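Worksheet for the structure shown next.
The values are calculated or read from the model by the stated rules, or taken from the named source; none is laboratory data. Everything quoted here is computed from the prediction, not taken from an experiment. So basically every Cβ, Gly included, is an ideal-geometry build from the backbone, and we count neighbours across all protein chains shown.
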Amino acid sequence: MTGKGFRQKKEKCRKEIITIDGPAGAGKSTVSKMLARHLHYLYLDTGAMYRAVALKVRQEGVNPEDEAALEDLCQNIKIIFQGDDEGKRIILDGEDVTRKIREPAIGWMASRVSMKRSVREAMVRLQRKIGEKGKIVAEGRDTGTVVFPDARYKFFLSAEPGERARRRRLELVGTGLSLKIEEIEKEMARRDEQDSSRELAPLRRATDALLIDSTGLTPEEVVARMLQVVRKEDGQL
């Protein structure tokens, strides 16, 4: 491929990557899935990948502070997404862990291990490989700042703490788990602090990401705002 052809392919890929970052409970998963369906893009749940690593760490009894052990684990782990966006399952080394990785304790461990460079680098390599062909909606906490910094469209989704906790509780109930709203708020506050203060790839809004406060908005209304931005910039409005 000529230099010009390579640059054109890279630019096309960049334009076909959309990132949606933000804290837990802001509505990222629901909105990302809906947006991907509207555009016929692949939905990439980067958070699920870190949760899968966290679950493996717990299952294997690996010390989350042991960088060498974490690097070895990540080199041998196999994470597969199966099914469509409505019924997507996470397969970890041949085991369906879709429900297990959504437990609050795994979320906390995911935040902890994602602070480690060996884990971060392994997952980012895999995420970028998935995004090589473009046409993806990547959801997470650093997709617009670290994983795909050149993405054409970036969004940062937020919501008031109470609203986030309520949404998170509904999500957990849907997976068969039930926690008090106060417990969820406390856990979210703790994870927000950890994710935002970590040295490596902290949770923050990319300077070129559009901030959307989803408090009081339906997922359909949030997606409509995103589609308006994408279509306007693409000259479709």
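Do we have any residue at all in the range 141-160 that's in contact (Cβ under 8 Å) with a residue 12 or more places away in the chain and more than 24 Å from Asp208 (Cβ to Cβ)?
yes
Taking the range 61-70 as the search range and keeping residues that are surrounded by 12 or more Cβ atoms within 10 Å (Cβ to Cβ) and not hydrophobic (A, V, I, L, M, F, W, C), which one is nearest to the chain's Cα centre (by Cα)? Reasoning before the result, please.
Keep residues of the range 61-70 that are surrounded by 12 or more Cβ atoms within 10 Å (Cβ to Cβ), which gives 62, 64, 66-67, 69-70.
Right, trim to not hydrophobic (A, V, I, L, M, F, W, C) and you get 64, 66-67.
Details: Pro64: 21, Asp66: 24, Glu67: 23 Å.
Within the range 61-70, the match that is nearest to the chain's Cα centre (by Cα) is Pro64.
Taking the range 89-106, which residues are under 23 Å from Ile136 (Cβ atoms) and not in a strand (DSSP E or B)?
Hits for the range 89-106 are Val97, Thr98, Ile101, Arg102.
When you go through Leu73, Leu35, Leu55 one by one, which is the residue that is surrounded by 17 or more Cβ atoms within 10 Å (Cβ to Cβ), without any contact (Cβ under 8 Å) to a residue 24 or more places away in the chain, aliphatic (A, V, I, L, M) and assigned to a helix (DSSP H, G or I)?
Unique residue meeting the criteria: Leu73.
Kindly list, by first and then second residue, each pair from a residue in the range 121-132 that is farther than 15 Å from Leu200 by Cα and in contact (Cβ under 8 Å) with a residue 40 or more places away in the chain to a residue that is small (Gly, Ala, Ser) and crowded, with 16+ Cβ neighbours inside 10 Å, limited to pairs with Cβ atoms under 9 Å and residues at least 6 apart or on different chains.
Going by the 9 Å Cβ cut-off, the qualifying pairs are Gln127/Ala138; Gln127/Gly140; Ile130/Ala138; Gly131/Ala138; Gly131/Ala151.
Applying the selection to the range 129-149, what residues are at pLDDT 95 or above and more than 18 Å from Lys28 (Cβ to Cβ)?
Scanning the range 129-149 gives a single hit, Pro149.
If Glu86 satisfies all but one of (1) charged (D, E, K, R); (2) modelled with pLDDT under 95; (3) part of a helix (DSSP H, G or I), what's the number of the condition it fails?
(3)
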